[in-house]
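Engineer: Mind looking over this structure? Questions follow.
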Amino acid sequence: MSGGPTVLVTGGAGYVGSHTVVQLLTKGYQVVVVDNLVNASKGINESSSDTECLRRVQEITGKKLKFHHVDILKKEELDTIFETVMNKHNVKKLLYSSSATVYGTPQQLPLTENHPTGLGCTNPYGKSKYFVEEILKDLVTSDKLWSVISLRYFNPVGAHESGLIGEDPQGVPNNLMPYIAQVAVGRRPDLKVYGNDYDTPDGTGVRDYIHIQDLAVGHLDAAKKLLSPSFSGFKAYNLGTGSGLSVLQLVKAFEEASGRKIPYEIVGRREGDIAYCYSDASLAKRELGWEAKKGLKEMCE
């Protein structure tokens, strides 16, 4: 592939991945996407870039990409792409999609990158992200040629301004915004709000919601840092807005943006949920030149 640096994006047909691919293509990167399409819209020909999401990505950008449909259960396919290709081309720079869940129950707020990780994780997802971060730290310690940046996402929401790509999971949404959207269009009868007895202004959980476009730009800024000759080792950055919104605040904002009432039912708390979680993203601003720019209204449009 000719042009700018080539980037391999795993999960590139997913929510975060597709928006990141748009940013990479727009800025001149050559992109190779690997995805098992377990939670993405499939096109006619799964062996090409004809998946619905990636077709739309190419429509948005006017650029072409390469796509490999890979099942993670098939070791031979993974070896071909990762071990053989990465070793052959000496690829030792990795940008990892981590999560704020590695912090677990906050010991103090806002959460900085120096907050302890792992010990306070409240769910298996957070533990898995923590374990991978630890493996990557060991990797860069054992092999000085490796460089890794871990991006600790807070709560991505929203969609590309074109409306062509966004978050529309195949099954029951795990995240709040697509669940609200499905209620708004009549695909679900109501929103289940898990707990209204937290020590927050309205009793519902408070999270740091960040527009997916801002998050995607964060990947681009982190990639620039990662590709810099002066960068080495392992570094983690928070990607968030630095402020929190409650579940009911997000519901109200979506109602105002859509002009539709969102019926909801208060049910019991979920195991592993916490009252507050929001970031201090000043390190990303200082070292990557990145900060979230889009507000709540844009997140709901």
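The values are calculated or read from the model by the stated rules, or taken from the named source; none is laboratory data. What you see is a predicted model; the values in this text were computed from it and never measured. Because the Cβ atoms are built from the backbone with ideal geometry, glycine has one as well, and the counts that use them run over all protein chains shown.
Engineer: With surrounded by 18 or more Cβ atoms within 10 Å (Cβ to Cβ), of a type outside the set (S, T, N, Q) and more than 24 Å from Thr117 (Cβ to Cβ) as the only criterion, which of Val267, Val251 stands out?
Structural biologist: Residue meeting the stated conditions: Val251.
Engineer: Take the residues of segment 169-187 that are free of Cβ contacts under 8 Å to residues at least 40 places away in the same chain and under 18 Å from His211 (Cα atoms): which is surrounded by the most Cβ atoms within 10 Å (Cβ to Cβ)?
Structural biologist: Tyr179
Engineer: Okay, moving on. Can you pull out the residues in segment 79-98 that are exposed (fewer than 15 other Cβ atoms within 10 Å of the Cβ) and modelled with pLDDT under 80? Walk me through how you get there before you give the answer.
Structural biologist: Going residue by residue through segment 79-98, those that are exposed (fewer than 15 other Cβ atoms within 10 Å of the Cβ) are 79-80, 83-91.
Matches in segment 79-98: Asp79, Thr80, Glu83, Thr84, Val85, Met86, Asn87, Lys88, His89.
Engineer: Same structure, new question: Among (1) part of a loop (DSSP other than H, G, I, E, B); (2) over 23 Å from the mean Cα position of the chain (by Cα), where does Ile274 come up short?
Structural biologist: Against the list (1) part of a loop (DSSP other than H, G, I, E, B); (2) over 23 Å from the mean Cα position of the chain (by Cα), Ile274 comes up short only on (2).
Engineer: Among the numbered criteria (1) touching a Pro at 6+ places or on another chain (Cβ under 8 Å); (2) closer than 27 Å to Leu111 by Cβ; (3) exposed (fewer than 15 other Cβ atoms within 10 Å of the Cβ), which one does Asp280 miss?
Structural biologist: Tallying (1) touching a Pro at 6+ places or on another chain (Cβ under 8 Å); (2) closer than 27 Å to Leu111 by Cβ; (3) exposed (fewer than 15 other Cβ atoms within 10 Å of the Cβ), Asp280 fails exactly one: (3).
Engineer: So, in segment 106-127, exactly how many residues are exposed (fewer than 14 other Cβ atoms within 10 Å of the Cβ) and either under 15 Å from Ala281 (Cβ atoms) or hydroxyl-bearing (Ser, Thr, Tyr) (or both)? Let's see the steps before the verdict.
Structural biologist: Quick first cut of segment 106-127, residues exposed (fewer than 14 other Cβ atoms within 10 Å of the Cβ) only: 107-108, 114, 116, 119, 124.
The next check asks that each one be either under 15 Å from Ala281 (Cβ atoms) or hydroxyl-bearing (Ser, Thr, Tyr) (or both); those that pass are 114.
Total meeting the criteria: 1.
Engineer: May I pose another question? Mind checking which strands (runs of 3 or more DSSP E) fall wholly inside segment 108-217 and carry at least 3 residues that are closer than 30 Å to Gly259 by Cα and at pLDDT 95 or above? It would help to see each step written out before you state the result.
Structural biologist: On the way: elements: 147-153, 155-157, 191-194, 209-211.
Fully inside segment 108-217 and qualifying: 155-157, 191-194, 209-211.
Engineer: Do any residues in segment 242-261 that are within 26 Å of Leu111 (Cα to Cα) have Cβ atoms under 9 Å from those of residues that are assigned to a strand (DSSP E or B) and of a type in the set (Lys, Arg), where the two are at least six apart or on different chains, and which pairs are they?
Structural biologist: Final answer for the pair search is Gly244/Arg207; Leu245/Arg207; Ser246/Arg207; Val247/Arg207; Leu250/Arg207.
Engineer: Would you check if Ile212 is in contact with a Leu (Cβ under 8 Å, 6 or more places away or on another chain), among the aliphatic types (A, V, I, L, M) and closer than 23 Å to Val193 by Cα? Can you show your working first?
Structural biologist: Values: in contact with a Leu (Cβ under 8 Å, 6 or more places away or on another chain): no; among the aliphatic types (A, V, I, L, M): yes; closer than 23 Å to Val193 by Cα: yes.
No, not satisfied.
Engineer: Pick out the one residue from His160, His211 that is crowded, with 16+ Cβ neighbours inside 10 Å, farther than 26 Å from Val102 by Cβ and touching a Gly at 6+ places or on another chain (Cβ under 9 Å). Can you show your working first?
Structural biologist: Working: His211 fails: farther than 26 Å from Val102 by Cβ.
None of the others qualify; the one that does is His160.
Engineer: Given (1) closer than 18 Å to Pro106 by Cα; (2) part of a loop (DSSP other than H, G, I, E, B), identify the lone condition not met by Asn238.
Structural biologist: The one condition Asn238 does not meet is (2).
Engineer: Can you tell me which residues in segment 128-146 are of a type outside the set (D, E, K, R) and either touching a Lys or Arg at 6+ places or on another chain (Cβ under 7 Å) or surrounded by fewer than 17 Cβ atoms within 10 Å (Cβ to Cβ) (or both)?
Structural biologist: Of everything in segment 128-146, those that are of a type outside the set (D, E, K, R) and either touching a Lys or Arg at 6+ places or on another chain (Cβ under 7 Å) or surrounded by fewer than 17 Cβ atoms within 10 Å (Cβ to Cβ) (or both) turn out to be Ser128, Phe131, Val132, Ile135, Leu139, Thr141, Ser142, Leu145, Trp146.
Residue-by-condition table, conditions (1) under 21 Å from the mean Cα position of the chain (by Cα); (2) more than 30 Å from Tyr209 (Cα to Cα); (3) among the β-branched types (Val, Ile, Thr):
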{"site": "Gln23", "(1), (2), (3)": "yes, no, no"}
{"site": "Cys53", "(1), (2), (3)": "yes, no, no"}
{"site": "Val57", "(1), (2), (3)": "yes, no, yes"}
{"site": "Asp79", "(1), (2), (3)": "no, yes, no"}
{"site": "Thr117", "(1), (2), (3)": "yes, no, yes"}
{"site": "Ile135", "(1), (2), (3)": "yes, no, yes"}
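Engineer: Could you give me the residue pairs with C-beta distances under 7 Å whose first residue belongs to segment 86-105 and is closer than 16 Å to Ser228 by Cα, whose second residue is among the aromatic types (Phe, Trp, Tyr) and not in a helix (DSSP H, G or I) wherever it lies, and which are 6+ apart or on separate chains?
Structural biologist: Close Cβ pairs satisfying both conditions: Lys92/Trp146.
Engineer: Can you pull out every residue in segment 3-31 that is surrounded by fewer than 19 Cβ atoms within 10 Å (Cβ to Cβ) and touching a Cys at 6+ places or on another chain (Cβ under 8 Å)?
Structural biologist: None; the set is empty.
Engineer: Restricting to segment 203-241, give me the number of residues that are in contact (Cβ under 8 Å) with a residue 60 or more places away in the chain and of a type in the set (S, T, N, Q).
Structural biologist: At the first step, the residues of segment 203-241 found to be in contact (Cβ under 8 Å) with a residue 60 or more places away in the chain are 205-227, 231-241.
Now drop any that are not of a type in the set (S, T, N, Q), which leaves 213, 232, 238, 241.
So the count comes out to 4.
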